[in-house]
Amino acid sequence: MGALVPIYLAGLAALSLPLIFHLVRRTPRGRQDFSSLMFLSPTVPKLTRRSRLDQLLLLLLRLAALALVVFAFSRPFLREASLLSLGDLSGRRVALLIDTSASMRRGDLWQQAVKRAEKELDDLNPQDDVALFAFGDRLQTIIDFAKEGAGPIADKPGVVRTRLRELKPDWGSTDLGTALVAVAGEIDSTSDVQQSALEPQIVVISDFQVGSRIDALRSFEWPKQVPVVAHRVALAKTTNATAQILPNEEGDELTETRVRVVNAADSKVDQFFLAWAKEPSFIKRPGETGVYVPAGQSRVIKLPRGVDDLTAECIVLRGDDQEFDNAYYVVPPRKQAVTMLYVGTDKLDSPEGLQYFLRLAVANDPLRQVEVRLVDDKKPLFTPTDPPPGAVVVSRAISPEWQTSLKSYVERGGLLLLVPENRDAAQLIPAFIDDVELASAETPVAAPGKYLLLGEIDFAHPLFAPFASPRYSDFTKIHFWKHVPLTMKTPTKTHVVARFDNGEPALLERLSGHGRVIALTSGWQPGDSQLALSTKFVPLIGAVLDLAGKDSEVAAGVSIHEPVALPAQQGKSAIAVVGPGRQETRLEAGQTSFAATDRPGIYLAKTSPQPTRFAVNLAAAESNTAPLDLDQLAQSGVKLGIELTRNERLERVRQHRDTELEGRQKIWRWLVVLALGTLILESFLAGRAARELRTAAATPT
Amino acid sequence: MSLDRQSPDASKASPGRGARGLQHIDPTALMRIKNLELRAKAVVDGFLSGLHRSPYHGFSVEFTEYRQYSPGDDLRFLDWRLFARSDRYYLKRFEDETNLRCYLLVDLSRSMAFRSAPREYNKAEYAKTVAATIAYFLTLQRDAVGLITFDQAIRDYLPARFRTGHMHRLMMCLEQAPAGTATDLSLPLEQIARTARKRGLVVLLSDLLAPIEMLETKLGYLRSQGHDVVLIRTLDPVEVNFQFQDESLFFDMESGRELYVDPHAVRASYQAKFAAHANELKRICSSHGMDYYELTTDQPLDMALFDLLNARLRRGRPVARRQGAARSSNPGGR
């Protein structure tokens, strides 16, 4: 015999009420006429020793009616089977989802996670199926559920345990949402397909940091039958801060790096120290910069490179409890070697010539080592042994052979800058840019006091992009006295980057093959214009060299597993990428994208002709280690379940069976009928007793 | 009234030793006489026979006091015998004989219908017998007797008369059963004060189980009119000692109110309140020079009558006094 809702049996306490009422007996046995009640006060009925029970039959009937109602409410049933065994438990499909993101490298989180997972494996029943998944920024299926048709794996929990111990946290970010969606979709669909009676369940073991991405859950309708049991592993020491280098703004000194320091919301410390370092070791260094960041906030500071730190590869942060995200890598600036050929008649030391100013402009470039080489007429323009020059500047008339070799140079990707010093040299412009022609035979000489200005400039063009800001876009102080008047044919493929204020082209660009031809219709030397003497000249030449640049290193800030676009490879050979641990990965031929970045550090891609270096860092969100409120998962639609022990599940099964049994037997109906019968009998007897009392009272005393 | 003076000890009424060893009539036996007039007659006759002295002696002129002679006094009243004995002149003073006017105010409210278990008659029966007895006794003395019966209102009013048939009418009025849902003591008193021009004796027979706030005023007014007032409080013994045993629902016979009462629990407080009420009544009577008697229904009726007359004799002759000198009243009643 059992009771479905045994709490109602507490209602048996109400049995004391009839007893009390019978003992209290508020109605006295007799009535007494009295002349006046003016001296009497009412007596409160109370239980005394003299009280005794009478109307025993009525009392028993009332007690019985109450007890029957109470038993009916407790929904009794007759238990048929004896105790449940573990074999009566329905099987489960448990997906163990373990977090292997970088934040799990903190402290003993990983050991905690493994322990927790092993406890889950211990709690499995023989009829349960289990699968192991690891997730960071992507989901890995370590061991899948048993497939239909495939034979069962012997001692699957043991196999899972072995594979679990082989797992290690990597450096990836945490994409919890995608992992949950993938596993839930998988477990739900396979359950449907196999018509499995096993109860699906996802057990997530993670540190559930705020930096976990859960966006994927929002667009996913969570299957109701798949509950998620979340086990959070946590550390006692929670202070964590990270530093990231921000891209420089225009005008900033290249050596002055801006660093953002972010402190996690649950940090206990707010004082940290930053320093440039050649290797990521977190020791106290001389000259480190202190920064004060309250918990949950961020600060941006400038961290200039010292003289000794010019080749430092990372900044390190010191002062927090967790070191996994305390190094931020950046490729140190390395001077680019550019060779520039100059074809002209002016002397090296002549301040009236082009070459003099050109050499001055490229001399102090911090990013490039530019070699300006004057080409002699007696030698060939290009030698097969030397690498092709970065740019060729031509100011005089050249032979048709040279013209041909220059055209081929441009076709292969070279940059030709035409700055004609005289009418003859100006003939080169129509020779290389076929849709323009010289306007008149005479080169106009500006009258004294007459000059031209740059009137129409395309600041979107890379050449003028550095001047796009209104602070630098004023070209009105640069006067031009001489220029080569050109007329454009229509239609034209040539892009006029700048025009004089009389509408004639000042700077033209023509793309040809892989390279480009740039033509200036006026020279920069003082005889032609004030360009060389203006502040715009050096950036303009720098922009020309940027266009000619070959060794463009990948900017820092690429995250782990984020694809890196490598420069096009000359030739068909495959690119090899060397990681921070000296391990070499060879890409397939023709592949220029590399995503197998598995740890932070400086990577070197052996591209030709210049090798490419790029820095790979942790995803910024991974450093946000404050604990995530699990309610956010529930708000995203995830059905959060409760972890039940084996006995608790057994109890649930028992309750379920009891409910079914009780539903079949419905003893409560009979109890209610009995209670009603008892009440009718009680009413009848009570009525009779009351009549007798009234008769007795009416008899005179 | 021509009763003999009794010793003060005789006023301590007790059936055993009071009234010089009279064999009193058992009230239960008396009440079995259905006719009220016969009942009164039985009491009075027994009472008179027990007194040993005829009320007809010395009826006409009654001596009151001596006073020293002073020149100018009427020599007819000089006591020569005393002068012979003592050689002093004293005037012997007499009181004129007048007819007494007596008003009996009988409470016939429902509370008077109460009787406790062993008794076969209620307070009203007892009070009516007392009233009838007094009336009969006074009629024998040729005094005028009037009657007012009342509850919350005046039910019957018979002016004080002495004539043939008056006694019979009075008895007929008294025969009525108790009724009425309340007791208004002020109404009969006001009626007497309004109608009785001549001074007389006012006997109020009631259980006085009613508010008594106004009683003092009304009685004081009667007293100021010169009436002699006697309060005879008729009570059942149980009303005094509250000797109920079982807790019961007590039912107020007048108002119909019900109250659950455990006698054991409330007895002490009842008795205290009752005593306070009685003391207040006694105080009122004492302050106005009125007589106050408590008669419980288990007391013999002739005994009651004896006590009344005895006390009145002790007080001398307050009614129809010739001189206005106030006399001290017996504050304790009995």
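The values are calculated or read from the model by the stated rules, or taken from the named source; none is laboratory data. Everything numeric in this text was worked out from a predicted model, so none of it was measured. Note that each Cβ is placed from the backbone with ideal geometry, even for glycine, and that neighbours are counted across all protein chains shown. The area values use the complete protein model at the heavy-atom level, side chains included, leaving out ligands, DNA and RNA. Shrake-Rupley method; radii C 1.70, N 1.55, O 1.52, S 1.80 Å.
Side notes on the structure shown:
- For A:Thr141, the accessible area of its heavy atoms, probed at 1.4 Å with every protein chain present, is near 80 square angstrom.
- 18 Å Cα-Cα reach of A:Lys284 towards aspartates and glutamates, excluding residues that sit fewer than 8 places from it in its own chain: A:Asp270, A:Asp308, A:Asp309, A:Glu313, A:Asp320, A:Asp321, A:Glu323, A:Asp325
- Summed side-chain charge close to A:Arg396 - residues other than A:Arg396 whose Cβ falls under 10 Å, Lys, Arg +1, Asp, Glu -1: -4
- Contact order normalised by residue count of chain A, Cα under 8 Å, 6+ apart, percent: 15 percent
- Measuring nothing but how far apart in sequence close Cα pairs (under 8 Å, 6+ apart) lie, relative to its length, region A:336-548 scores a relative contact order of 23 percent.
- Antiparallel beta bridges, as assigned by DSSP with both residues in region A:336-548, represent about 50 percent of the total such bridges.
- Kirkwood hydrodynamic radius computed over the protein assembly as shown comes to 44.1 Å, based on all pairs of distinct alpha carbons.
- Comparing region A:558-621 with the 2.2 N^0.38 Å rule of thumb, its C-alpha radius of gyration ratio is 1.05 (two decimals).
- The residues of chain A expose, per residue, 51 Å² of accessible area to a 1.4 Å probe.
- Nearest 10 degrees, 0 to 90: helix A:646-665 Cα axis against chain A principal axis: 50 degrees
- Area of B:Tyr66 that stays accessible when all protein chains are in place (1.4 Å probe, Å², to 10): 100 Å²
- Solvent-accessible area, 1.4 Å probe, carbon plus sulfur percent, for chain A: 56 percent
- Shape box of region A:336-548 [Cα atoms, principal axes, largest first, Å]: 49, 39, 33
- Counting DSSP beta bridges with both ends in chain A, the antiparallel % (nearest 5): 60 percent
- Summed buried accessible area for A+B [probe radius 1.4 Å, Å², rounded to 100]: 2400 Å²
- Positive contributions from Lys and Arg (+1) and negative ones from Asp and Glu (-1), summed over other residues with Cβ under 14 Å from the Cβ of B:Leu108, come out at -4.
- Between the Cα long axis of helix A:537-548 and the first principal axis of chain A there is an angle of about 70°, rounded to the nearest 10.
- Within the same chain, lysines fewer than 8 places from A:Lys482 are excluded, and of the rest, those with a Cα less than 30 Å from its Cα are A:Lys347, A:Lys407, A:Lys450, A:Lys493, A:Lys536.
- Here's the list of aspartates and glutamates a cross-link from A:Lys156 could span, going by alpha-carbon distance under 17 Å and ignoring same-chain residues fewer than 8 apart: A:Glu118, A:Glu120, A:Asp122, A:Asp123, A:Asp128, A:Asp129, A:Asp144, A:Glu148, A:Glu166.
- In this rough spin-label picture, where each label sits 7 Å from Cα along the Cβ direction, the A:Gln271-A:Phe21 distance is 7.7 nm.
- Inter-centroid distance (Cα atoms) of region B:254-297 relative to region A:622-686, Å: 68 Å
- Degrees between helix A:400-411 axis and first principal axis of chain A (Cα, 0 to 90, nearest 10): 0 degrees
- Given a 1.4 Å probe and the protein chains as shown, A:Trp481 ends up with an accessible area of around 80 Å².
- Accessible area of region B:65-198 belonging to carbon and sulfur atoms, whole % at 1.4 Å probe: 48 percent
- Exposure ranking of A:Arg116, A:Arg471, A:Arg652 by accessible area [1.4 Å probe, largest first]: A:Arg471, A:Arg652, A:Arg116
- Debye intensity ratio in log₁₀ form over the Cα atoms of region A:241-326, taken at each q of 0.22, 0.23 Å⁻¹: -1.06, -1.14
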